[in-house]
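The values are calculated or read from the model by the stated rules, or taken from the named source; none is laboratory data. Bear in mind that the values here come from a model prediction, so they are computed numbers and not experimental data. Cβ placement follows ideal geometry from the backbone for every residue including glycine, while neighbour counts extend to all protein chains displayed.
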Amino acid sequence: MNKTYIPKAADIQEQWYLVDATDQTLGRLASQIATVLLGKHRPDFTPGMDTGAHVVVVNCGKVVVTGKKLDDKIYYHHSQYPSGLKSISLRQQLNKHPDRVLKSAVWGMLPHNKYGRQVIKKLKLYPGSEHPHVAQNPVTLAEMKE
């Protein structure tokens, strides 16, 4: 009889990955990041258990999109007051808050529950090329795929 292996919390090793978003397509990059955050890249992946890694993304503002999405894609939020619907285009959002664009794309690919809220905290986004996570020795995501 075969038994299913379920990793214990003590067996899971914390990994850190570094991603450079320069000239990468937004959706494709977001799906790769979501896969690593959920831990689906690991052989001991267990659904509902946090086996994922931390992901540090630099140069968020240099991400590219296809087609006319820079002007056609609109982000909405509401202030919870009457007539409080606010909207901002992708081009304006990339200029103002480039990290929010990638965070929104990754969040759309994660489960919208307690587990997803726990996993999204492992995503660290920086608009420039500098980040404070050098001590964790992050491995580039390209090296992980090879």
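General observations
Results for (1) in contact with a His (Cβ under 7 Å, 6 or more places away or on another chain); (2) polar (S, T, N, Q); (3) at pLDDT 95 or above, shown as yes or no for each residue.
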| position | (1), (2), (3) |
| --- | --- |
| Tyr76 | no, no, yes |
| Pro82 | no, no, yes |
| Val101 | no, no, yes |
| Ala105 | no, no, yes |
| Leu110 | no, no, yes |
| Leu123 | no, no, yes |
| Gly128 | no, no, no |
| Asn137 | no, yes, no |
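- Residues of segment 89-105 satisfying the condition of being of a type in the set (Ser, Thr, Tyr) and over 10 Å from the mean Cα position of the chain (by Cα): Ser89
- Residue match in segment 27-36 (condition: touching a residue at least 60 places away in the same chain (Cβ under 8 Å), surrounded by 16 or more Cβ atoms within 10 Å (Cβ to Cβ) and in a loop (DSSP other than H, G, I, E, B)): no
- Residue match in segment 46-67 (condition: part of a strand (DSSP E or B) and among the small types (Gly, Ala, Ser)): no
- Selected residue (only one of Gly108, Gly39, Gly128 is surrounded by fewer than 14 Cβ atoms within 10 Å (Cβ to Cβ), among the small types (Gly, Ala, Ser) and under 14 Å from the mean Cα position of the chain (by Cα)): Gly108
- Residue count for segment 94-139, restricted to those that are more than 16 Å from Lys62 (Cβ to Cβ) and either in contact with a Leu (Cβ under 7 Å, 6 or more places away or on another chain) or hydrophobic (A, V, I, L, M, F, W, C) (or both): 13
- Of all residues in segment 103-146 being free of Cβ contacts under 8 Å to residues at least 40 places away in the same chain and among the polar types (S, T, N, Q), the one that is nearest to Ala21 (Cα to Cα): Ser104
- Tabulated pairs, segment 69-86, first free of Cβ contacts under 8 Å to residues at least 40 places away in the same chain and part of a strand (DSSP E or B), second among the aliphatic types (A, V, I, L, M) and surrounded by 11 or more Cβ atoms within 10 Å (Cβ to Cβ), C-beta under 9 angstrom, 6+ apart or interchain: Ile74/Ile88; Ile74/Leu90; Tyr75/Ile88; Tyr75/Leu90; Tyr75/Val101; Tyr76/Ile88; His77/Ile88
- Assessment of segment 114-121 against the conditions (outside any loop (DSSP other than H, G, I, E, B) and within 17 Å of Val139 (Cβ to Cβ)) yields no matching residue.
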